[in-house]
Amino acid sequence: MAATEIVVFLVLAIVFQYHLVTAQICTDFVESTTCGGNIVADSGIIRYNHTGYGNNTGCMWLIRSNINSKIEVRLLEDSFSSSSQYIHIYGLSLDGEISGNADSDIRHGGFKARHFNGPLILVTFTTLDYWGPVNPTPRFTLLFRGCGPDISNPPTFTHHYREKIPGETEIITYPEDGGIYPNNQLITYLGLRQDRAVVKNSEGEWKVKVTYQDIQSSAYCMFGDSLRFYSAGFNFLCAVDEQDEFIWRFCEQNSTKTHVLPKRSPKYGNTYPDNIAILAVFQSNGYQGGKGFVFEW
């Protein structure tokens, strides 16, 4: 074999090996056709075409693209016919905060690629403010993929998804064994109302009651572990304690106070979730643990 042929052979071998490795890395692809839920994959597609859900309903997806620090999202096709029909996308950071930006809304024909801080994003679509038939039925196809670099020292991710049946109560306890929770954790609990109904302009019947918490405390809950709750609109749900003081996240130690979210308060006004979904996020920053928390919804 000539020297030139050897060089060509080696180059082809390297190229083949490169594609083999990248194929092994990127084979984690999923396709979701459900109305909301948790998705954990390198990349995937959401196909929304739910004729079973009518006006003033919605879906919410939590997407984790493994441990990649960026997520690319691209709308492939849609049938949106109104300015009020569009997809909302928000980021969920490793400290449990939800954030959005001016490019968070994807409207009709918005096919350009968008990049969001990962590794977690939240995608929601609603058919709000329609009192007659939605024509045509909204549908869309959304592609997502993780695009590095990977974050260093990622937390242990745990995601729970619940189909919340109106009128029924579920109690969430963490840790389930009653021990001390480990450090460097990020845990989400996504509860999506089973009938996907949006309850508007009322307090609603879906509430969260926190009955116990033993979480590493810090000033204003800013630097230690914390538990917080968000509505489907990604507004944080506030609670009010016995002294009528506003609480926007939980980080007390050995507390048996009972808090109900959302809470009506003459001091802070009336708050309520739009009731498509409630998202609970617990984050531990890796210093010391506690006995966790108990809440019900």
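Where a number appears in this text, it was derived from the coordinates with a stated rule and is not lab data. This one's a predicted model, so the numbers in the text were calculated from it and none came from an experiment. Reconstructed Cβ throughout: ideal geometry from the backbone, glycine too, with neighbour counts over all protein chains shown.
Among the listed pairs LYS70/LYS209; LYS207/LYS257; LYS164/LYS263, those whose Cα-Cα separation exceeds 24 Å are LYS70/LYS209.
Close amide H pairs (under 5 Å, H built 1.01 Å from N) link LEU120 with LEU92, residues at least 5 positions away or on another chain. Other residues whose C-beta falls under 15 angstrom from the C-beta of ASN184 contribute a net charge of -2, scoring Lys and Arg +1 and Asp and Glu -1. Packing order of peptides 43-52, 206-215, highest average first: 206-215, 43-52 (average count of other Cβ atoms within 10 Å over each peptide's residues). The alpha carbon gyration tensor of segment 146-260 gives principal lengths a ≥ b ≥ c with a/c of 1.5 or higher and a/b no greater than b/c, which makes the shape oblate.
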